[in-house]
Structure formats: C-alpha cells, structure tokens
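Peer 1: Can you keep this structure in mind? I'll have questions shortly.
What follows draws every value from the coordinates through simple rules; no lab data is involved. Given the structure is predicted, the values throughout are model-derived calculations rather than measurements. Every residue, glycine as well, gets a Cβ built from its backbone with ideal geometry; the counts of neighbours run over all protein chains shown.
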Amino acid sequence: MAWLSYERGEKIWGWHRQDTAGDIVDVSSGLENGTHGISTCGQRLDGSIYIESIPAVGRHHIDSWHSQSNAIPFTVVTGLDHLEGEEVQVLTNGAVHPNRGVPRGQINLQRAATQAAVGLKFT
C-alpha cells in the first residue's frame, strides 16, 4: 500500500510503501485522543481478519501492537497471541528494549517495567 505522510508543523511530507502480511481490505482515519490516526482492516495470509492501528508510539513506529501497564512493575507481557512466532520491537517505560521473539503469546523483559508497548517494527 502506498502512503503519504505529512507533518504539518514541520512542513515535511513524503511517500512511502507499507508492506503487509496479507491484503488491506479497508482503511479509515480519524481522531483518537486528539491525534490523527489510521486504522486498517486486513486479511492475513491464513485468512484471519484484523483491525489494526498504525500509530507512532513515541518516535518508534510499531504495527499490530499491544500495550500493557501496571502500577506494579512486571517482567512478562502477555496477550501477544496475534504476534506468535514474530520478532517484535519492545518499548518499556518509553525506552527501547531489545527485540524479542514471541513464544506462547508472551515475552519476558530483561528489566521490570510499568509500561510496555510491543509490536512489529516498520520504517
């Protein structure tokens, strides 16, 4: 899919290509928490259908992401069944964490965190 990204405040724009693991069926855009966002409906190669947001989390771009937060620090992030077998980018407490493979729908963190975002990296 071809995308045009535009950062109005910086007067920067550019076309880029987004490869996906399947077909994009539909795309929508709108405001979420005061920020413009894009969501896609995609059909994966195995026939499953996903509704996905493609946000920038901080300055790191991740797709098909899942976030987890808790006041008590944790070292295991669960709920990653949709990323089973993938190598994922991990952000903990706003910092880059080493990438992880996803066995059994979860990952183990090297250090405890109170916030984590896990997803597929895209440039």
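Peer 1: What is the Cα coordinate range of the chain on the first, second and third principal axes, sorted by size from largest, in whole angstrom?
Peer 2: The Cα atoms of the chain stretch 38, 38, 23 Å along the principal axes, largest first.
Peer 1: Give, as a single signed number, the net charge of other residues whose beta carbon lies under 15 Å from the beta carbon of residue 80, with Lys and Arg counted +1 and Asp and Glu -1.
Peer 2: Within the 15 Å Cβ shell, the charges total -3.
Peer 1: If the only charges are +1 at each Lys and Arg Cβ and -1 at each Asp and Glu Cβ, what is the size of the charge dipole of the chain around the Cα centre, to the nearest 20 debye?
Peer 2: Dipole size: approximately 460 debye.
Peer 1: Over the C-alpha atoms of region 82-123, what are the Rg and the largest Cα-to-Cα span, Dmax, in Å?
Peer 2: Taking only Cα atoms of region 82-123, I get Rg and Dmax of 9.8, 27 Å.
Peer 1: Sticking with this structure for a sec: At 7 Å along Cα-to-Cβ for each site, give me the label-to-label distance between residue 3 and residue 75 in nm.
Peer 2: Roughly 3.5 nm, to one decimal.
Peer 1: Next question. Please identify the longest segment of the chain free of exposed trypsin sites (Lys or Arg not before Pro), where exposed means a DSSP state other than H, G, I, E or B and no more than 10 other Cβ atoms within 10 Å.
Peer 2: After excluding every exposed loop site, the longest remaining stretch is 12-58.
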